[in-house]
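Read the structure below first, then the notes.
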Amino acid sequence: MSDRSLAGWAGEPDPFGGEDYDVLVVGAGFAGINALYNFRQQGLRTLLVEAGSGVGGTWFWNRYPGARVDVESLEYSYGFSDELQQEWEWSEKYSSQPEVLRYLEWVTDRLDLRADMRFHRRVTSLHLDETLMRWTATVSSTDSENPSRSARLSCRYVVLATGFLSSPNFPVIPGLESFTGDLVHTGAWPREGVQLAGRAIGVIGTAASGVQVIQETCALVKRLTVFQRSANWCLPLRNQTMAPEYQAFVKANYPEIRRLAQDSRGPGMVLMDGRIVPSESRRAMDLAPEERIADFEWRWNAGGVHMGRGFVDLVVDEDANDELRRFLEAKIREIVDDPEVAELLIPDHPPLTRRPPGESGYYRAFNRANVELVDIRSDPIAAVTPTGVRLRSGRHFDVEVLVCATGFDSGTGAALRIDIRGREGISLREYWADGARTHLGMMISRFPNMFLLNGPQSPGPHFSPPVLADFQSRHVGALIAAVDKAGAAAVEPHEDAQAEWVDHLNAVYARTLIPKTDSWWMGANIPGKPRQALAYGGGFPEYRRRCQAALEELSEYELI
Ligand code: NAP
């Protein structure tokens, strides 16, 4: 059944009495929730649609055992409202997925946002009507009880808060569909859960998601077979129950913590070892070897994945990077009992050229008798069979559950799943055929009045996504206000301003070791995807400066 109701399906309340919307926000994760709140505060009639049955985004879909944050929760949380950050109590330093989901549900209710949200709706197309300068969205039901419903919505502005890592990448392996056990992806984990205890489990993928599943389940499953194509440099997370005095200390110092985080060139986190530690501007190679090692050691013991924020040269200078590599190699050899397994677990890419997974017993898992590490680089998977996994050599591993921890079509995947057509009917898939092109990771030339939050070519992967979402949605709000003030209908970035941003982004990455490694930052985790910088590594202060300059002069935009 198709209906014409703008807000939703027939019979559902329409928050705006059937009127068209100013803004359609797609996605109810950290960014979408924040954007809906900001736009509503600005007086814009905003509707949010979400494919899931509830809020949470990443934290809704990634329900796999062991899923938790790798940035301290006191920082990986909203800073735009002091009331919110003072009121919410975190129970662990690094919260688990259920707690982050509860937090986002609480924020949604606390800000009374649900009335303007519609769940179980996937935006399948977005077409620009250039005469009216309005977008028409086709929305389809994801509700298995009402699968054939669809609706059309009209809005002036579209904000894609669809997430950087939200389009799951399933491996292409012959026979995958013939598997008769449970086949699951970490990024689309079944809500009803999967029986793992006492069963034979196979995990494909050994980055952040795989590491978390493996360390969490190794003690409860009968047998765990880990299929590793590339090893990753894992850093100890050292999660702990939240100490009340630490939480009180952070809350008392939030203004300074949030300010320092936004002023840092690094990942936008300043808490470490129970105190405020701003990002450093020192070079590792300027220190004496014993001082350098002492610093690495302190960071290793303090926990968290941001070893890189101690020195500015670790991801730039090969000698400095090699120093860190030697330090980390020794740690792996120290923890893993079997020397052959330890060597397999030592990566061959430079540390910090991929996001390091947070480790809480991952390396120790390989000391267990029920855990086997299988090197599928030297002996690749040939096929998935009805009962397990067969390698090219003919070796077969029986598994009852096959977990694909194989990542996401990062950055561009979520937008490209939607049939988006801008000026003169140009499709985004066509426009990005040779690689993504954005202006400040937030807009795309030829696609006026469409915005991306935490999108490709934004600082999202190297900065704090909640902080970035607030900043970007305010930037979008300011652009909308500028359009109204000018009596215009739309805003679009100039193509040369966009090209300048892409050149800058590439130049920043080219100064680092990052492009040398295949990673989702480089779009190099998906076969056939253009290899390019998908994340901005120039730091938030420079990004903010460029955004503010673009707003002040508006010379990088065309008001139509
Ligand atoms: P990922 O970093 O893209 O890793 C995917 C893994 O799957 C890699 O080990 C990859 O091997 C393997 N893989 C992919 N396709 C394969 C194939 N066809 N055959 C065999 N192996 C294959 O994905 P992710 O682990 O989901 O993490 C993505 C990002 O999400 C993280 O970097 C992080 O930013 C975020 N995340 C964060 C947390 C957290 O702690 N808060 C947890 C999970 C995820 P290759 O390396 O050889 O390609």
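The values are calculated or read from the model by the stated rules, or taken from the named source; none is laboratory data. From a predicted model like this one, the values you see are computed outputs, not experimental measurements. When we count neighbours, we look across all protein chains shown, and the Cβ atoms used for this are built from the backbone with ideal geometry, even at glycine. The area values use the complete protein model at the heavy-atom level, side chains included, leaving out ligands, DNA and RNA. Shrake-Rupley method; radii C 1.70, N 1.55, O 1.52, S 1.80 Å.
At-a-glance table
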{"read-out": "Tally of residues being under 23 Å from D348 (Cβ atoms) and buried (at least 21 other Cβ atoms within 10 Å of the Cβ) across the stretch 375-388", "value": "1"}
{"read-out": "Qualifying residue in the stretch 275-295 (condition: within 21 Å of W90 (Cα to Cα), open to solvent by 20 Å² or more (accessible area, probe 1.4 Å) and more than 16 Å from the ligand (Cβ to nearest atom))", "value": "yes"}
{"read-out": "Those strands (runs of 3 or more DSSP E) lying entirely in the stretch 119-238 with at least 1 residues more than 25 Å from L101 (Cα to Cα) and within 10 Å of the ligand (Cβ to nearest atom)", "value": "200-204, 223-228"}
{"read-out": "Helices (runs of 4 or more DSSP H) within the stretch 17-110 that include 2 or more residues more than 16 Å from the ligand (Cβ to nearest atom) and open to solvent by 20 Å² or more (accessible area, probe 1.4 Å)", "value": "30-41, 82-87, 97-110"}
{"read-out": "Checklist (1) open to solvent by less than 30 Å² (accessible area, probe 1.4 Å); (2) assigned to a helix (DSSP H, G or I); (3) more than 24 Å from G27 (Cα to Cα) applied to G538, failing item", "value": "(2)"}
{"read-out": "Answer from T142, T180, T124 - the residue that is touching a Pro at 6+ places or on another chain (Cβ under 8 Å), touching a residue at least 24 places away in the same chain (Cβ under 8 Å) and surrounded by fewer than 17 Cβ atoms within 10 Å (Cβ to Cβ)", "value": "T180"}
{"read-out": "Test set (1) among the aliphatic types (A, V, I, L, M); (2) surrounded by fewer than 20 Cβ atoms within 10 Å (Cβ to Cβ); (3) within 16 Å of the ligand (Cβ to nearest atom) - V403 fails condition number", "value": "(2)"}
{"read-out": "Subset of the stretch 372-385 (residues that are of a type in the set (V, I, T) and more than 29 Å from the chain's Cα centre (by Cα))", "value": "T385"}
{"read-out": "Matching residues in the stretch 332-363 - criterion: being without any contact (Cβ under 8 Å) to a residue 40 or more places away in the chain and either touching a Leu at 6+ places or on another chain (Cβ under 7 Å) or open to solvent by 20 Å² or more (accessible area, probe 1.4 Å) (or both)", "value": "I332, R333, E334, I335, V336, D337, D338, P339, E340, V341, E343"}
{"read-out": "1 or more residues charged (D, E, K, R): qualifying strands (runs of 3 or more DSSP E) within the stretch 338-434", "value": "371-375, 388-391, 396-398, 419-421"}
